[in-house]
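Structure record follows, encoded as structure tokens.
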Amino acid sequence: MKILDRYILTSFIKTFASVFIILFFIFILQAIWLFIAELAGKDLDAGIIAKFLIFYAPKVVPLVLPLSILLASIMTFGNFAENYEFAAMKSSGISLSRAMRSLMIFIFGLSIVAFFFANDIIPKAEYKFINLRANIVKRKPAMAIVEGQFNSIGSYNIKVDKKSGENGEKLKGVTIHKRIPGNMNATIIRSKTGLLKSSETSNVLQLELFDGYYYEDVNSKNPGDRKKMPFAKSSFTRQIMNIDLSMLNNASTDEEQIAQTNNMLNLSELTYTLDSLEGNYTKEAKSHARNMAQRPNNILAYSRPSILTKNDTIAAVKKDSVPAKLIELIKTKEDKGRILDIAENSVRSTESSISSGKAALFERIKAINSHWIAYYDKFVIAYACLLMFFIGAPLGAIIRKGGLGLPIVFAVLIFITFHFINTFGKKLAQENGIPPFLGSWMSSFVLTPLAVFLTYRATNDMNVTINWDPLVKPAQKIFNKVFKIKTKDA
């Protein structure tokens, strides 16, 4: 390696390492704030908290690594240009592309490392992170309930006035609101004391209640009674409730992780899972279509024997016998009313079946899209490293500013644009608005022309200039016109 290549590479690595460490700890601090409710006031020792952060840390690398490369590239090449080192290189016959050669090799190797990190390390860390959160709750069930406030656990909202015992398993003043999907009735359970029990081998948290009451709203058909808000009340001396702790694993702020395993799988596992998901989706779609196609025959088989005789049916298909309104085939008013009720119920039932089937299929599509996005993300991370370098390095040479001032401004603006487009594309792809491939690669497709443009301008010693005259001159004329009018009036 030549002295110049070693100098450029050393300067970049020093800047990159410093920037990466600073940004990494900033994102880790953000994670602490995200999970502060799970960590604060739970009597967790330092070792568990350290594991918690260590298993979470790999998730922030896909954000920190491209931003660090972008900022380090702008700062390094900005310093070279500001200190006229590039001018010295060019006077010696060394072009910008030649000066970037050693860093190109380094960034290419770093992108390969990023790919394997995303494919092997992040899924394992995600798996351990989810299991650590579940194991903490299993070992210390009181962690699931914070004293003096309502805690959402599965289909329950639980509040306790005070906790005691070695692990906070003894409860006093327990209030429970039970949520039932599709049921507007309020169910409230109150007890004087309670006891939490759990096992590390089970996902069930057992809550034993003593000396309490059970309240439930009662629906009344009489509007006058409904205004009185009737309810049923019963008492108990001992009651056991089983709560599914697996619901606690869905506390992550990333909605894409809810009920999904895509972030814990590598490429081979994602390929296998996608084959299974797509096969199940195809089978379910065909089954739903077949059921919808058979519904008219089932309804006709149900209604015809009781309303239309076989002779009436045969006569109805004759050309001369078909009336303008098919309902006229029915002779009595009672039968007409019955067939209309059957038709109305059939339409409503079919509409409900179509809606529920469509919703179920859409959820399967979302799961498939989420797994495809996770599949493409492993390649996007590697490409983002190369992309950010070919944006940052020529941009630093063009702006000719090093340090932490202007480079940070450009780096933040570019990275926010990249991250926003990336998030928008993924959300849109998950909702089946665009193909998952396009959603995952959208940010790269948008910023790649910028990288090509900046690299071309920098390697050809061309500054990036923008002609603002078409925008500034019309505004200036309007401003001058308004200013002159005001001056005359004065």
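The values are calculated or read from the model by the stated rules, or taken from the named source; none is laboratory data. Remember, predicted model here, so these are calculated numbers, not experimental data. Neighbour counts are summed over all protein chains in view; Cβ atoms, including those assigned to glycine, are modelled from backbone coordinates with ideal geometry. To get the accessible areas, we keep the full protein, side chains included, count just its heavy atoms, and leave off ligands, DNA and RNA. Shrake-Rupley method; radii C 1.70, N 1.55, O 1.52, S 1.80 Å.
Annotation: of all residues in the range 194-231 being open to solvent by less than 50 Å² (accessible area, probe 1.4 Å), over 38 Å from the mean Cα position of the chain (by Cα) and modelled with pLDDT of 65 or more, the one that is farthest from ILE145 (Cα to Cα) is PRO230. Counting only residues that are closer than 20 Å to GLU431 by Cα, modelled with pLDDT under 90 and open to solvent by 30 Å² or more (accessible area, probe 1.4 Å), the range 366-401 holds 1 of them.
Can you report the number of residues in the range 441-455 which are within 17 Å of ILE381 (Cβ to Cβ), of a type in the set (Ser, Thr, Tyr) and over 23 Å from the mean Cα position of the chain (by Cα)? Residues that pass the stated criteria total 1. With respect to the conditions (1) modelled with pLDDT of 75 or more; (2) more than 30 Å from ASN131 (Cβ to Cβ); (3) open to solvent by 40 Å² or more (accessible area, probe 1.4 Å), PHE236 falls short on a single one, namely (3).
The residue that is modelled with the lowest pLDDT, among those in the range 323-339 that are open to solvent by less than 50 Å² (accessible area, probe 1.4 Å) and not in a helix (DSSP H, G or I), is PRO323. Hey, can you tell me all the residues within the range 153-186 that are of a type in the set (Val, Ile, Thr), at pLDDT 80 or above and buried (at least 18 other Cβ atoms within 10 Å of the Cβ)? Result: ILE158, VAL160, VAL174, ILE176.
Report whether or not VAL60 is in contact with a Phe, Trp or Tyr (Cβ under 6 Å, 6 or more places away or on another chain) and part of a helix (DSSP H, G or I). Yes: the conditions hold for VAL60.
Taken residue by residue, the range 298-308 has no member that is surrounded by 12 or more Cβ atoms within 10 Å (Cβ to Cβ), under 50 Å from the mean Cα position of the chain (by Cα) and at pLDDT 70 or above. In the set LYS427, LYS477, LYS481, LYS486, only one residue is assigned to a helix (DSSP H, G or I), of a type outside the set (A, V, I, L, M), at pLDDT 85 or above and surrounded by fewer than 16 Cβ atoms within 10 Å (Cβ to Cβ); that residue is LYS427. Taking the criterion of being at positive phi and not basic (Lys, Arg), the only residue of the range 351-403 that qualifies is GLY403.
Against the test of being open to solvent by less than 30 Å² (accessible area, probe 1.4 Å) and modelled with pLDDT of 80 or more, the options ILE354, ILE342, ILE414 yield a single qualifying residue, ILE414. Taken residue by residue, the range 49-69 has at least one member that is over 26 Å from THR10 (Cα atoms) and either touching a Gly at 6+ places or on another chain (Cβ under 8 Å) or open to solvent by less than 10 Å² (accessible area, probe 1.4 Å) (or both).
Against the definition (closer than 30 Å to PHE80 by Cβ and hydroxyl-bearing (Ser, Thr, Tyr)), how does THR423 come out, yes or no? Against the criterion (closer than 30 Å to PHE80 by Cβ and hydroxyl-bearing (Ser, Thr, Tyr)), THR423 does not qualify.
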